[in-house]
1. Do we find that residue 5 is among the aliphatic types (A, V, I, L, M), touching a Lys or Arg at 6+ places or on another chain (Cβ under 9 Å) and surrounded by fewer than 21 Cβ atoms within 10 Å (Cβ to Cβ) in this structure?
2. Condition first: among the small types (Gly, Ala, Ser) and modelled with pLDDT of 95 or more. Now tell me which residues in segment 89-123 satisfy that.
3. Just to be sure before I move on: is residue 41 surrounded by fewer than 16 Cβ atoms within 10 Å (Cβ to Cβ) and either under 21 Å from residue 1 (Cβ atoms) or over 15 Å from the mean Cα position of the chain (by Cα) (or both) in the structure I sent?
4. Consider only pairs whose beta carbons are under 7 Å apart and that are at least six residues apart or on different chains; among these, list those whose first residue lies in segment 47-76 and is within 21 Å of residue 26 (Cβ to Cβ) and of a type in the set (Lys, Arg) and whose second residue is outside any strand (DSSP E or B) and open to solvent by 10 Å² or more (accessible area, probe 1.4 Å).
5. Quick check on residue 55: is it in a loop (DSSP other than H, G, I, E, B) and open to solvent by less than 40 Å² (accessible area, probe 1.4 Å)?
6. Give the residue that is farthest from residue 87 (Cα to Cα), with candidates limited to residues of segment 2-33 that are outside any strand (DSSP E or B) and within 14 Å of the chain's Cα centre (by Cα).
7. In segment 16-32, how many residues are in contact with a strand residue (DSSP E or B) (Cβ under 9 Å, 6 or more places away or on another chain), open to solvent by 10 Å² or more (accessible area, probe 1.4 Å) and not aliphatic (A, V, I, L, M)?
8. So, residue 71, is that one farther than 17 Å from residue 108 by Cβ, under 11 Å from the mean Cα position of the chain (by Cα) and either surrounded by 14 or more Cβ atoms within 10 Å (Cβ to Cβ) or among the small types (Gly, Ala, Ser) (or both) or not?
Amino acid sequence: QVQLVESGGRLVQPGDSLRLSCVGSGTLFDQYRVGWFRQTPGEEPVFLGSIGGNGYLTHYADSVEGRFTISRNNGKNTVSLRMKSLKPEDTAVYLCAAGPGSIFDDSSSEYEYWGQGTQVTVSS
């Protein structure tokens, strides 16, 4: 079993940067890929990016590549999502997910464990 807890979401202005954290617990967390998704009301989670268990490989959705960066510190059981140049359309609940599998598989259904999410609101 793996438990995930996201934090760092808040109200920011357009153009701001923000870092979200995902803290994992469980014996296999450092072996699992971790993905970041975002979700708006009534919609399915949308893949943003993922990172491998060792933190060396990352994969991003085209829509956020260059603006979002994922990193990992297994010593602290933490995966971070750094976001810059935020736009109002980035407003969503941001979720991290973990599980075995390829970082290149973008499907939310292929992730086994999910956090509760953290709200990011981009508004002036």
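1. Here the answer is no, as residue 5 does not meet what is asked.
2. Matches in segment 89-123: 92, 97, 98, 115, 117, 123.
3. Considered against the rule, which asks whether it is surrounded by fewer than 16 Cβ atoms within 10 Å (Cβ to Cβ) and either under 21 Å from residue 1 (Cβ atoms) or over 15 Å from the mean Cα position of the chain (by Cα) (or both), residue 41 comes out as yes.
4. 72/55
5. yes
6. The residue in question is 32.
7. 8
8. When the stated conditions are applied, residue 71 passes them.
The values are calculated or read from the model by the stated rules, or taken from the named source; none is laboratory data. Not measured: the values here are computed from a predicted model. Positions of Cβ are backbone-derived with ideal geometry, glycine not excepted, and every protein chain shown enters the neighbour counts. These area figures cover heavy atoms from the full protein model, side chains too; ligands, DNA and RNA do not enter into them. Shrake-Rupley method; radii C 1.70, N 1.55, O 1.52, S 1.80 Å.
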